[in-house]
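The numbers here are math on the coordinates, done by the rules we state, and not lab data. Bear in mind the structure is a predicted one, so any value in this text is a computation, not a measurement. For neighbour counting, all protein chains shown are included, and Cβ atoms are generated from backbone atoms with ideal geometry for every residue, glycine included.
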Amino acid sequence: MKDRSQARQKKMLADYFQKLADAPKTGQKVVYTFVPGNLTELILSFDLLPILPEINALQSGMRQKSKGYIREAEKRGLSADVCTYVKCDLGMKLLGNIGPTGLPLPDPDLLLLSYTGCFTFMKWFELLKREYEAPVTMLQVPYQAEGVITNEMRDYVVKQIRDEVIPALERVSGQKYDEDRLSELLACSAQAEDDLVWVFESARHRPSPIDAFFGGVYYIGPIFSAFRGTTDAVAYYRELREEVQDRIDNGEGPMTPEGPMGEEKFRLVTEGPPNWTSFNQFWKMFSEEGATVVASTYTKVGGTYDEGFRHDPERPLESMAEYCLGCYTNRNLGSRIDTICRYIEEYEADGLLINSVKSCNSFAAGQLLILREVERRTGRPGGFIESDLVDPRYFSASNIKNRIESYLQMIDQRRAQGVSV
Ligand code: SF4
């Protein structure tokens with residue numbers, strides 16, 4: 001049986017895709033933009049709707065539609081090494097732009113490129129620019145090369161939002177910028193963010209009432225996509241929090257696609273995204289071994305709220321700029337290592353498991369270094385598996401299962417030898 005919050009999210013998504021399908025009739029204007037560093041509240045304040053290409057790609061992957069889309073993009077010359085989100089998105093467009101739920105997607109009225117750390121974002125929108133008539137506006141977010149956000153970096157982003165992004169949104173929507181309206185939306189964001197953080201921190205309990213990776217990707221759905229700042233998102237996160245509180249009160253572990261999780265035997269931290277084309281099979285490889293993910297970096301790619309950041313209605317543009325700068329995608333290797341080590345300590349995890357994604361060069365680069373450094377600093381063992389986001393050709397179930405089992409056995413052996421894990 002589905003949780004109430006899950007049913008609510010499903011309905012939110014269905015309504016959203018229906019609105020997009022109806023856009024040519026209703027005149028609803030849409031903005032294509034990326035998840036990390038998204039300016040959802042600002043877009044919504046102009047009565048525009050965001051469309052997130054990565055979300056469409058991962059949803060297409062979960063619905064087994066990505067293989068054909070990737071093949072189509074490769075026929076057009078995109079190489080095997082290109083990020084498969086890009087190929088899936090482009091292939092979907094070339095085959096008629098039918099969204100993951102089977103409804104048509106409208107063409108963009110604006111391509112809003114929020115550039116946070118991954119060079120592919122830029123190349124991706126160059127491809128989309130060739131396919132659509134829409135204008136492009138770029139928000140250039142400085143990379144956190146030194147691991148800090150300076151006032152100059154924040155002011156630079158605010159200036160671009162004021163001088164470039166807002167005028168572009170005014171032109172597309174025909175509406176004037178309304179800061180009071182934006183602040184109202186940001187107040188809703190902050191409320192939802194509080195509840196999301198509470199849910200993630202619940203994984204400190206034993207057993208953890210949530211799986212912060214496989215369950216976590218559902219939990220971040222509304223806040224990382226088109227719903228941050230809406231009352232729907234506030235209601236979703238409040239309901240989710242109540243459900244998790246019930247599980248804590250009853251001493252229960254997470255729900256999995258196979259039903260309630262059995263005894264919690266392993267507590268893991270993960271780095272990297274999940275595989276979407278075999279998502280449930282992948283999750284089962286962990287749940288049937290009694291392995292729960294208690295913290296993951298992937299669930300921070302669209303915002304690091306667990307470190308205290310909140311959208312602030314009193315400082316609307318400044319806090320939006322700080323949000324963009326703080327996304328996990330915008331962080332250097334040292335900061336990522338610090339985050340993972342903190343998770344291992346705070347969530348009393350047995351180790352770090354990395355799912356390295358072949359076609360995500362931005363994040364796969366440096367992951368072995370991360371693994372070794374985390375092992376050195378925490379003394380907990382690391383494991384390494386490889387798969388892909390939405391290309392089913394790169395999911396070798398038996399190989400991945402073997403590696404996960406060996407990794408968990410290693411943790412068991414170390415426990416038996418009295419080595420602290
Ligand atoms: S971060 Fe990785 S998955 Fe996302 S767009 Fe860049 S290369 Fe693709």
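The largest-to-smallest principal axis extents of the Cα set in segment 235-324 are 46, 31, 21 Å. Distances between placed amide hydrogens fall under 5 Å for SER296 paired with THR270, all partners being 5 or more residues away or on another chain. For PHE266, the shell of other residues with beta-carbons less than 13 Å away shows a net charge of -3, using +1 for Lys and Arg and -1 for Asp and Glu.
Sort ASP232, ASP194 by Cβ crowding within 10 Å, fewest neighbours at the top. Can you show the working numbers first?
Numbers: ASP232 19, ASP194 16.
By the 10 Å Cβ count, ascending, the order reads ASP194, ASP232.
Each residue of segment 169-183 in turn: what ³J(HN,Hα) in whole Hz from Karplus with 6.51, -1.76, 1.60 and θ = phi - 60°, glycine and Pro shown as x? Each residue's phi maps through the Karplus curve to give 5, 5, 5, 5, 8, x, 10, 7, 4, 10, 5, 4, 5, 4, 5 Hz. Karplus-derived 3J(HN,Hα) values for segment 312-328, using 6.51 cos²θ - 1.76 cosθ + 1.60 with θ = phi - 60°, are 10, x, 7, 10, x, 6, 5, 6, 5, 5, 5, 4, 4, 5, x, 4, 4 Hz; glycine and proline are entered as x.
Defining a contact as two alpha carbons under 8 Å apart and six or more residues distant in sequence, what relative contact order in percent does the chain show? Don't jump to the answer; show the numbers that get you there.
On the way: 745 pairs, mean separation 79.3, N = 421.
Rounded, it is 19 percent for the chain.
Given Cα positions, please report Rg to Rh for segment 1-149, the hydrodynamic radius being the Kirkwood one. Checking Rg against Rh, the ratio lands at 0.98.
In the chain, helices alone account for a calculated mean residue ellipticity at 222 nm of -15500 deg cm²/dmol, with every DSSP H run of four or more residues adding -39,500 (n - 2.57). Using C-alpha pairs under 8 Å with a sequence gap of at least 6, the mean separation divided by the residue count of segment 1-91 gives a relative contact order of 21 percent. As a size descriptor, the averaged projected area of the C-alpha convex hull of segment 184-260 was calculated at 4.8 nm². Run a plain Debye calculation on segment 347-421 (Cα atoms as equal point scatterers, no solvent) and give log10 I(q)/I(0) at q = 0.12, 0.16, 0.17, 0.28 Å⁻¹, rounded to two decimals, same order as the q list. Result of the Debye calculation: -0.38, -0.64, -0.71, -1.27.
Each pair of Cα atoms in segment 274-378 enters the Kirkwood radius, and Stokes-Einstein at 10 °C and 1.306 mPa s then converts it into a translational diffusion coefficient of 103 µm²/s. About its Cα centre, segment 133-277 has a charge dipole of approximately 220 debye under the convention of +1 per Lys or Arg Cβ and -1 per Asp or Glu Cβ, with nothing else charged.
Is the shape of segment 91-130 best called rounded, prolate or oblate, per the rule: a/c under 1.5 gives rounded, else a/b larger than b/c gives prolate, else oblate, with a ≥ b ≥ c the square roots of the Cα gyration tensor eigenvalues?
Working: a/c = 2.11, a/b = 2.03, b/c = 1.04.
Prolate, since a/c reaches 1.5 and a/b exceeds b/c.
Summarising the amide proton neighbourhood of PHE384: residues at separation of 5 or more, or on other chains, whose placed amide H is nearer than 5 Å comprise ILE354. The C-alpha atoms of segment 131-220 occupy a region whose extents along the principal axes are 52, 35, 34 Å, arranged from largest to smallest.
Strictly greater than 14 Å: what percent of every Cα pair in segment 58-132 meets that? Numbers along the way, then the final one.
Values: 1680 of 2775 pairs.
Of all Cα-Cα distances in segment 58-132, 61 percent exceed 14 Å.
Which of SER287, LEU128, VAL158 sits closest to the plus end of the dipole of the chain, meaning its Cα is farthest towards the positive end, when Lys and Arg get +1 and Asp and Glu get -1 on the C-beta? Towards the positive end, the residue furthest out is LEU128.
Let me make sure I get this right: for segment 25-75, a, b and c are the square roots of the gyration tensor eigenvalues over alpha carbons, sorted descending. Under 1.5 in a/c it's rounded, otherwise prolate if a/b > b/c, else oblate. Which is it? Intermediate values should be presented prior to the final figure.
On the way: a/c = 2.82, a/b = 2.01, b/c = 1.40.
Prolate.
To two decimal places, what compactness ratio does segment 283-344 give when its Cα radius of gyration is scaled by 2.2 N^0.38 Å? Please list the in-between numbers first.
Details: Rg = 14.8 Å, N = 62, 2.2 N^0.38 = 10.6 Å.
Normalised Rg, Cα atoms only: 1.40.
For segment 180-313, just say rounded, prolate or oblate: build the C-alpha gyration tensor, square-root its eigenvalues into a ≥ b ≥ c, call rounded for a/c under 1.5, and beyond that prolate if a/b exceeds b/c, oblate if not. In terms of gyration-tensor shape, prolate. Multiplying the sequence separation of LYS284 and ARG393 by 0.36 nm and subtracting their Cα-Cα distance, what value in nm do you get? Between LYS284 and ARG393, full extension yields an extra 37.3 nm. Scattering from the C-alpha atoms of the chain alone, worked out with Debye: what is log10 I(q)/I(0) at q = 0.09, 0.11 1/Å? Once normalised to I(0) and log-transformed, intensities are -0.53, -0.82. Taking the Cα centre of the chain as origin and assigning +1 to Lys and Arg Cβ atoms and -1 to Asp and Glu Cβ atoms, the resulting dipole is close to 1340 debye.
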